[in-house]
Amino acid sequence: MAAAALRTAARHLAAPAALLAASQSRCNEHDERLANLKAEVALLRGENARLRRALDGDRLDVEALRLRIAAFARERDWDQFHTPRNILLALVGEVGELAECFQWKGEVARNLPEFSEPEKIHVGEELADVLIYTVRLADVCGISLNDCVPRKVAMNARKYPADEARGRADKYTAYASPKS
């Protein structure tokens, strides 16, 4: 009788052991999934940190800003509307809104000393809109601002040599040795 009781007890103990093994297997699968998700989150955090720096950091990262603006449009399914022409027209509209900030003010000194704090904030918002649409326009046109802006700055340095252009507001064609 003791042997039969031991066999019954062993069967009852085997079932929980099998359940425990199956449970551990599922836990291992969940642990592996969790580890994969954590790795993915870490990658996204790195990417998002770059995007945050583009918008919140000490320096503006044009490529990260481009990615953030593209994601913003994609999340709203606006790519269908973001043709070069439409973005250009929106950009022109934003430049007009920026110009309104200065309309009827006469000549305005640097740092806008005669503007109220809310007016300065508004100028900043309109400048941000102009920059956002400029970056978006370059993106939908397939033009890298990281490539073309330094090239254009170098071209302007050749067109407006410091020794000839210093203190002058003439077009580069007015200089003795115009370069293009």
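The values are calculated or read from the model by the stated rules, or taken from the named source; none is laboratory data. Small disclaimer: the values here were computed from a predicted structure and weren't measured. Here Cβ is always computed from backbone atoms with ideal geometry, including for glycine, and neighbour counts include all displayed protein chains. Areas reflect the complete protein model, heavy atoms only, side chains present, ligands, DNA and RNA absent. Shrake-Rupley method; radii C 1.70, N 1.55, O 1.52, S 1.80 Å.
All of A54, A71, A64 fail the test of being at pLDDT below 75 and in contact with a Leu (Cβ under 9 Å, 6 or more places away or on another chain), apart from A54. Filtering E117, E100, E94 for residues that are surrounded by 10 or more Cβ atoms within 10 Å (Cβ to Cβ), among the charged types (D, E, K, R), at pLDDT 75 or above and more than 22 Å from the chain's Cα centre (by Cα) leaves a single hit, E100. Number of residues in segment 129-176 that are assigned to a helix (DSSP H, G or I) and more than 16 Å from A73 (Cβ to Cβ) equals 23. Just one residue in the set A174, A138, A157, A165 is modelled with pLDDT under 95, buried (at least 16 other Cβ atoms within 10 Å of the Cβ) and aliphatic (A, V, I, L, M); that residue is A165.
Look at segment 70-96: where a residue is farther than 13 Å from D139 by Cα and a partner is open to solvent by less than 60 Å² (accessible area, probe 1.4 Å), sitting 6+ places away or on another chain with Cβ atoms under 7 Å, you get L91/V130; L91/T134; L91/L137; E94/E126; E94/D129; E94/V130; V95/V130. When you check V130 against the structure, is it of a type outside the set (D, E), modelled with pLDDT of 95 or more and within 26 Å of D61 (Cβ to Cβ), yes or no? Answer is yes for this residue. Sub-7 Å Cβ pairs linking a first residue in segment 150-161 that is within 17 Å of Y175 (Cα to Cα) to a second residue that is assigned to a helix (DSSP H, G or I) and open to solvent by less than 60 Å² (accessible area, probe 1.4 Å), at least 6 apart or interchain, are K159/Y172; Y160/Y172, ordered by first then second residue.
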